[in-house]
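Just below is one structure, and these are the notes that go with it.
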Amino acid sequence: MVETGTKNRRYPLIPQEERKCVWMTTGLISYKLCDRDFQCEFCPFDQAIRNEENRGSNLQETEGDWTEGSPNGGSSARIDGSVFYHPDHCWVKVENPETARVGLDDLLTRLIFNVKVVILPQAGSFTGQGECLAHIIQEDYILPVISPLTGSIQTVNTRLKREPGLMIAAPREAGWLVAIKPENLEGDLKNLIFGRKAHAWYQREEKEIIALAGSLLKNEPQAVGPTMQDGGVRIGCLPDVLGAVTSRQKTKILEFIIGRSKNYQKLLSNLAGYGRNKG
């Protein structure tokens, strides 16, 4: 509040003509104006908060710190500290307030195999957070991808039409899916996971997948070599476990992971209702 004479005038904290820093929408900072026209890649503050230059910052834990507690070198070591994660296993990289890039996270890509076709939305179309964004058609399974954001599709990764395997080989680089112009970025980000919370969530997901894979392998011991009970070595980390399961077992794990999702259950319910109405 600014005092002028005997009267107090209230001025808005952020003038309408000023631009808020994109990191204000994440809740990590309460006030910062953008002085680089949203060109975040050239912003020292952006680099510092992502721990690319200042790994000692208290605002953001480093990726290296997270991996110290990762059991047996599991895939939680591959959490990216500069992106947000959706519980239905997509990552979101906010490039600026007008553009967010979306792709599949490491856990989901470890469960995908023999991808035949990737069906992406058309540029200019609209998607809602929690709605079906794309379909990944495997040899014997169709995987719906749930959108982590609400907004219009700016661009799609056309390389995936020719090279669908990029989603698995480079999910955070060349294997991205779409770029979205968010309609409600601040609201949507509240439903995503970031930083240490993302790491803790990832570890819980890993443990659940490992437990499920272990149960499947126990019921079909011929799928793997010696186990602890008969003198072998315990398989404890996710890459080793998933390397031991069969393709059919991997599909079962994939069905289990997405089957827990309320968004996926809603999607199946809507499709069933559409089928009944059409009939």
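The values are calculated or read from the model by the stated rules, or taken from the named source; none is laboratory data. All values reported here derive from a predicted model rather than from experimental measurement. Note: ideal-geometry Cβ built from the backbone for every residue, glycine included; neighbour counts use all protein chains shown.
Quick notes on this structure:
- Residue in region 105-117 that is among the β-branched types (Val, Ile, Thr), outside any helix (DSSP H, G or I) and touching a Cys at 6+ places or on another chain (Cβ under 9 Å) present: no
- Counted residues, region 130-172 - those being part of a loop (DSSP other than H, G, I, E, B) and among the hydroxyl-bearing types (Ser, Thr, Tyr): 4
- Residue that is farthest from Leu104 (Cα to Cα), among those in region 201-221 that are surrounded by fewer than 14 Cβ atoms within 10 Å (Cβ to Cβ) and either at pLDDT 90 or above or in contact with a helix residue (DSSP H, G or I) (Cβ under 8 Å, 6 or more places away or on another chain) (or both): Glu220
- Region 89-104, residues that are part of a strand (DSSP E or B) and surrounded by fewer than 21 Cβ atoms within 10 Å (Cβ to Cβ): Lys93, Glu95, Asn96, Thr99, Arg101
- Any hit, region 128-144, residues being modelled with pLDDT of 95 or more and polar (S, T, N, Q): yes
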